[in-house]
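One structure is given below, encoded as structure tokens.
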């Protein structure tokens, strides 16, 4: 009997352990379930603006609408005028530079390059009326455009080249009576079309999201969460949560997945542990530009070719402009697999006037981070690569004047003359121009945060944990199982196995042969 | 010659369980290592971790067994007959020479086996267990956040763990061959299955209990 006791205990422990590992049962409500519950309740507005007599009148100027808004909401304009939507700059601490005010006023990009001298066109998307040049009065509350964000009638549009003024066709009285919480269509009007067309800049923000399906974006889909932008980009006193690192530098005020989903939303703890070093987006956004193409490359050096003295456009089979005389040549891509970088939430930017070498691609907005930095996570990015005007003597990226209403004003899009375009642009921002220009390679990083796929389409383990063609193959500052190995240990290990096999083989052969002899 | 119980029931259970776990851990482990495809990476990780914790339970039981039964003394190294044992494997075995040491229920291991198994027990298995535990727990979820031990990365841990795995595989190759060098080619294997082996009756072999 005694000899059964120890094996008996051992077998029982084993059996119990095994049963416990295969029958783990989690019955508590997951965060996703409670989130679905929360967002299925849609808010009802507490007032109907069409019933206010102050708004039942004809408005001649949009500024009159603003004045009517401020009549009741008599402190709100002050909040707006503190926001980055109004100022187009933020106070930022930048490593190595200290506190700087940065934004579209002094940061260049590698799309349409910069707003200076081009305000008439670019500032169509400013939430103000009439920022047509650097003399715009940022202190005049009546210049605040409440309607761009709060129009719920879907009829409000800003005029092209109108420096933020509404299109003359807009019925201001109708719009003023139909104001409310911002919807996708308010935000998307500007944020889906940055860079001069649909999905040009972000890659993960485009017009398809106005009304989309779960496999494109689980959050915004009409058959999914059906969330509005402001459900995640929560707003307190007109200060939006979240910003994009094309323009901002500090790790603050970010809108993150964790704010709703927590850092450990998975049942599998091994996957939860990934959230220490891997951003949610990395696995849950396997590709971007899922519906319409996004611009991946922009070559300004080919701009200016005219046919019969007139600018032309060339389109590909999908309708994407691949060449435009005013802008140069483009490469578009759809269903793009992101590139991946370490990111700790801080970035540094090329600011107007910075001197840089053009020997390697100039980083327009370098995202900081590394494996060793505990604040860093791997994030997916779209990298936009361009060739853009550069002053090889002063070693500065050039701000050209591109937009003009008529010929002869120096705008490249009318005159197709780089020299005068550059001279106008550089004079305007007060920077020297040597008289020589080349086209420098530049790179700009766009963190990918939207177009989250259903979980069944999340990136599989093997897409990163693999020796060949790993998604994170470019990040080599850490050891990753399945991808990495030590070549020496591998050689010794395989050598040891081969030597063992060989030794066994030889020994066995000699044994068999000698046995026969004996 | 007399049939004797050499491997007790637990001894056999431990041995076969360990061999199954090591085989399974090697299979799943080398899949995680990126060297082969079988279960799929995610499944390999899950299975490897389950097998690893089963292995820990088994090791705990085995340590208990070794100390309560005194079986640990089987692994005390000795230099006596070590040279003749080596010479036997290198030359004697080919001349059909007799085994230089005799296997009895109390001295199951020859001097070479003692050395190798002792090294496994106090070096290789502990390295695998410790590096394996660190591999799993160098960061760990805790109340909706993730904590971390102050370990910079997996590099050292993973490379040690891999090196140990290579060593164990080489050991198993040699082991599978050397079990054929008993009284007959299959006598050792049969003994580990049934527990019984035909051994020469003898008094305690002199060199083993000093």
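For the reader, a short list of remarks on this structure follows.
- For residue A:393: the one exception among (1) away from every other protein chain (no Cβ under 14 Å); (2) assigned to a loop (DSSP other than H, G, I, E, B); (3) over 26 Å from residue A:423 (Cβ atoms): (3)
- The test for being more than 12 Å from chain B (Cβ to nearest Cβ), in contact (Cβ under 8 Å) with a residue 60 or more places away in the chain and surrounded by fewer than 17 Cβ atoms within 10 Å (Cβ to Cβ) holds for residue A:297.
- Looking across segment B:22-41, the residues that are within 25 Å of residue A:13 (Cβ to Cβ) and either buried (at least 16 other Cβ atoms within 10 Å of the Cβ) or touching a helix residue (DSSP H, G or I) at 6+ places or on another chain (Cβ under 7 Å) (or both) come down to B:22, B:24, B:25, B:26, B:27, B:28, B:29.
- Qualifying positions in segment A:99-148 - in contact (Cβ under 8 Å) with a residue 60 or more places away in the chain, part of a strand (DSSP E or B) and farther than 28 Å from residue A:60 by Cα: A:100, A:102, A:103, A:107
Residue-by-condition table, conditions (1) away from chain B (no Cβ under 14 Å); (2) in contact (Cβ under 8 Å) with a residue 40 or more places away in the chain; (3) on the phi < 0 side of the Ramachandran plot:
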| position | (1), (2), (3) |
| --- | --- |
| A:239 | yes, yes, yes |
| A:247 | yes, yes, yes |
| A:251 | yes, yes, yes |
| A:262 | no, yes, no |
| A:274 | no, no, yes |
| A:279 | no, yes, yes |
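- The condition of being closer than 30 Å to residue A:459 by Cβ and either at the interface with chain A (Cβ under 9 Å from one of its Cβ atoms) or buried (at least 16 other Cβ atoms within 10 Å of the Cβ) (or both) holds for only one of B:44, B:62, that being B:44.
- Per-region count, segment A:37-51, residues loosely packed, with under 15 Cβ neighbours inside 10 Å, more than 34 Å from the chain's Cα centre (by Cα) and touching a residue at least 12 places away in the same chain (Cβ under 8 Å): 1
- For segment B:1-16, a residue qualifies if it is more than 10 Å from chain A (Cβ to nearest Cβ) and at pLDDT 95 or above, and the qualifying residues are B:15, B:16.
- Criterion violated by residue A:497 - all others in (1) in a helix (DSSP H, G or I); (2) more than 9 Å from chain B (Cβ to nearest Cβ) satisfied: (2)
- Apart from one condition, residue A:439 fits all of (1) touching a strand residue (DSSP E or B) at 6+ places or on another chain (Cβ under 9 Å); (2) part of a loop (DSSP other than H, G, I, E, B); the exception is (2).
- All conditions in (1) modelled with pLDDT of 95 or more; (2) surrounded by 17 or more Cβ atoms within 10 Å (Cβ to Cβ) hold for residue B:19, with the sole exception of (2).
- Selection count, segment A:158-181, where residues are touching a residue at least 24 places away in the same chain (Cβ under 8 Å) and touching a strand residue (DSSP E or B) at 6+ places or on another chain (Cβ under 8 Å): 9
- Residue check, residue A:422 touching a helix residue (DSSP H, G or I) at 6+ places or on another chain (Cβ under 9 Å) and either more than 7 Å from chain B (Cβ to nearest Cβ) or loosely packed, with under 14 Cβ neighbours inside 10 Å (or both): yes
- Yes/no for residue A:222 being closer than 21 Å to residue A:442 by Cα and in a loop (DSSP other than H, G, I, E, B): no
- Residue B:103 vs. criteria within 19 Å of residue B:187 (Cα to Cα), surrounded by fewer than 15 Cβ atoms within 10 Å (Cβ to Cβ) and away from every other protein chain (no Cβ under 11 Å): no
- Residue check, residue A:445 over 25 Å from the mean Cα position of the chain (by Cα) and within 30 Å of residue A:106 (Cβ to Cβ): no
- Flag for residue B:82 being under 18 Å from the mean Cα position of the chain (by Cα), surrounded by 17 or more Cβ atoms within 10 Å (Cβ to Cβ) and more than 14 Å from every other protein chain (Cβ to nearest Cβ): no
- Filtering segment A:157-177 to residues that are under 27 Å from the mean Cα position of the chain (by Cα) and assigned to a strand (DSSP E or B) leaves only A:158.
- Criterion (more than 9 Å from chain B (Cβ to nearest Cβ), more than 49 Å from the chain's Cα centre (by Cα) and either surrounded by 14 or more Cβ atoms within 10 Å (Cβ to Cβ) or at pLDDT 95 or above (or both)) met by exactly one of A:475, A:502: A:502
- Condition met for residue A:357 (outside any strand (DSSP E or B) and surrounded by fewer than 21 Cβ atoms within 10 Å (Cβ to Cβ)): yes
The values are calculated or read from the model by the stated rules, or taken from the named source; none is laboratory data. Being a predicted model, the structure only gives us computed values, none of them experimental. Note that each Cβ is placed from the backbone with ideal geometry, even for glycine, and that neighbours are counted across all protein chains shown.
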